[in-house]
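The values are calculated or read from the model by the stated rules, or taken from the named source; none is laboratory data. Given the structure is predicted, the values throughout are model-derived calculations rather than measurements. As a convention, Cβ positions derive from the backbone with ideal geometry for all residues, glycine included, and neighbour counts pool all protein chains shown.
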Amino acid sequence: MQTWLSGGVRVVNHEHLHAKVIVVGKTAIVGSANISQRAASGTIAEAALKTTDPQAVKTARAFIKQLITSGGEDINQKWIDEANTLFPKNRVTPAWSETEPDELAPFNLWLGWYSNTEERTEQDDEAYEEAVAEAPAAFRPSARFEPIGMLEEPADDGRLAPGDRVIMLGPRNARFVDFRSIRAVQKSHRRRFMALYRRDHQHPQVTNAAVRRALVNLNSDLPSEEGEAGRWLTDPAERNAVPALWEVEDPGTP
């Protein structure tokens, strides 16, 4: 915003704005993505419609003007200075780091179903950004590592501890991740939590079916999707066979 304001651009804040509408000349773009690092990373599904239809562009432009005149607040230098004081850059935008993880440290291993199909709110995003900003450098975005924020229920709070590893079973594929932290989402309409994990992009892609085959070979199986959230892998044979799918050796439990 400082760059835009210094360049002579009118910048307007709207307290209740959630829509993403852009009009440039004879083109309009309407979509779901915020102008943020998370939206640009490709880790979440976003969609947008770009159109040059004259009526659609006219309607989009009128929508923006109506927002400005009904609740818009012009941003000035004083507003930006106060925002910088309240939200320092190094608190909101985490540093990018190539810190190597400790692959040899013993860990507990949780196998469970994870699905974030619910649309996130601004409060959810704030909880995620705060968790990343407060995490060690190894849990911040880099070419190798990707922080993952998962919305979880109160029953999940306290199950995992820093240093635990998790096999996340999704709709089709499974991910082998490190657990960092969990925190309550503030000002949410219902009690829920944001958990922070880290994924290593050097790990190969593994399907749920491959995990199941590894367990079936040991006379075991995946936890039930219906009622069972998951289970700890404590059997040495399971702890050797399943992490091996991601080329991870089991160093033992803490």
Exactly one of Arg212, Arg175 is over 20 Å from Glu126 (Cα atoms) and either touching a His at 6+ places or on another chain (Cβ under 9 Å) or aliphatic (A, V, I, L, M) (or both), and that one is Arg175
Within the stretch 240-254, the residues that are in contact with a helix residue (DSSP H, G or I) (Cβ under 7 Å, 6 or more places away or on another chain) and outside any loop (DSSP other than H, G, I, E, B) are Ala241, Leu245
Pairing a residue in the stretch 63-81 that is over 27 Å from Ala28 (Cβ atoms) with any residue that is part of a helix (DSSP H, G or I) and not aliphatic (A, V, I, L, M), where Cβ atoms lie under 6 Å and the two sit 6 or more apart in sequence or on different chains, gives Ile80/Gln2
Only unsatisfied item for Arg120, checking (1) over 18 Å from the mean Cα position of the chain (by Cα); (2) more than 20 Å from Leu233 (Cβ to Cβ), is (1)
Every listed condition ((1) surrounded by 12 or more Cβ atoms within 10 Å (Cβ to Cβ); (2) at pLDDT below 85; (3) in contact with a helix residue (DSSP H, G or I) (Cβ under 7 Å, 6 or more places away or on another chain); (4) part of a loop (DSSP other than H, G, I, E, B)) holds for Ser142 save (3)
Among residues of the stretch 145-168 being within 17 Å of His203 (Cα to Cα) and in contact (Cβ under 8 Å) with a residue 60 or more places away in the chain, the residue surrounded by the fewest Cβ atoms within 10 Å (Cβ to Cβ) is Glu146
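Can you name every residue in the stretch 60-79 that is assigned to a helix (DSSP H, G or I) and at pLDDT below 85?
Within the stretch 60-79, the subset assigned to a helix (DSSP H, G or I) is 60-69, 77-79.
Correct list: Trp79 only.
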Checked the stretch 210-239 for anything part of a helix (DSSP H, G or I) and surrounded by 14 or more Cβ atoms within 10 Å (Cβ to Cβ); matches are Ala210, Val211, Arg212, Ala214, Leu215, Ala237, Glu238, Arg239
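With the requirement that a residue be over 16 Å from Gly112 (Cα atoms) and touching a Phe, Trp or Tyr at 6+ places or on another chain (Cβ under 6 Å), what does the stretch 176-197 give you? Give the steps one after another, and end with the answer.
Going residue by residue through the stretch 176-197, those that are over 16 Å from Gly112 (Cα atoms) are 180-194.
Matches in the stretch 176-197: Arg180, Ile182, Ala184, Met194.
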Looking only at the stretch 214-230, decide whether some residue is modelled with pLDDT of 90 or more, more than 24 Å from Ala137 (Cα to Cα) and among the acidic types (Asp, Glu). yes
Quick count over the stretch 1-57, residues being under 17 Å from the mean Cα position of the chain (by Cα) and either modelled with pLDDT of 80 or more or not hydroxyl-bearing (Ser, Thr, Tyr) (or both), is 13
